[in-house]
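Trainee: For reference, the structure I am asking about is given below.
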Amino acid sequence: MFISFTREMHQVLPPSTGITDVHTSGILVYPNPVHQNVTVLLPSSGNVSASIELYSVDGRKYLEQMISQPKAELDLSALPSGMYFLKVLSKEGIMTGKLLKE
C-alpha cells in the first residue's frame, strides 16, 4: 500500500484551492503501514535536494532528514505505534501524506 499525498503550494491560497492531488508527483512511500523501515522514492534519476519530516498527530516532530539521492530508507522501529504525517519538502513543493506505524 502506498501513501496518498497532497501538495501544498508555496502561495497563500484558501485550502480548497491550495491543495492538489500529488499522484502525478511520482513520490512513492512504502510500505504503509510500516513496521520498521519505510522507503521514500522521489521521481528523479540524479541528485536531489529535499527534506523529509515526520510528525505525530499532536504535532511533535520525530524526524527531520535531508536527502540528496532519490531513494531514502528511514528506520522508524523506535517510534511508537500510531498515525504520523510525512512531509517532503523539495523545489517542486511541499508534499504531505499519512503514514501508519504498527
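The values are calculated or read from the model by the stated rules, or taken from the named source; none is laboratory data. Please read all numbers here as calculations on a predicted model, not as lab measurements. Positions of Cβ are generated from backbone atoms using ideal geometry, with glycine treated the same way; all protein chains shown enter the neighbour counts.
Trainee: Evaluate the range 84-100: report whether one residue or more is among the polar types (S, T, N, Q) and in contact (Cβ under 8 Å) with a residue 60 or more places away in the chain.
Mentor: yes
Trainee: Residue check: is Pro80 of a type outside the set (A, V, I, L, M) and surrounded by 14 or more Cβ atoms within 10 Å (Cβ to Cβ)?
Mentor: No; evaluated as a whole, the condition is false for this residue.
Trainee: Among the candidates Leu13, Leu79, single out the residue that is among the aliphatic types (A, V, I, L, M) and either at pLDDT 95 or above or in contact with a His (Cβ under 8 Å, 6 or more places away or on another chain) (or both).
Mentor: When all the criteria are applied, what remains is Leu79.
Trainee: For the range 62-88, give me the residue count where each residue is under 15 Å from Asn47 (Cα atoms) and part of a strand (DSSP E or B).
Mentor: Total meeting the criteria: 4.
Trainee: Quickly run through the range 44-57 and pick out the residues that are surrounded by 13 or more Cβ atoms within 10 Å (Cβ to Cβ) and either at pLDDT below 90 or among the aliphatic types (A, V, I, L, M) (or both).
Mentor: Once the filter is applied, which keeps residues that are surrounded by 13 or more Cβ atoms within 10 Å (Cβ to Cβ) and either at pLDDT below 90 or among the aliphatic types (A, V, I, L, M) (or both), the range 44-57 yields Ser44, Val48, Ala50, Ile52, Leu54.
Trainee: Based on this model, can you work out whether Leu99 counts as of a type in the set (A, V, I, L, M, F, W, C), modelled with pLDDT of 95 or more and in a strand (DSSP E or B)?
Mentor: no
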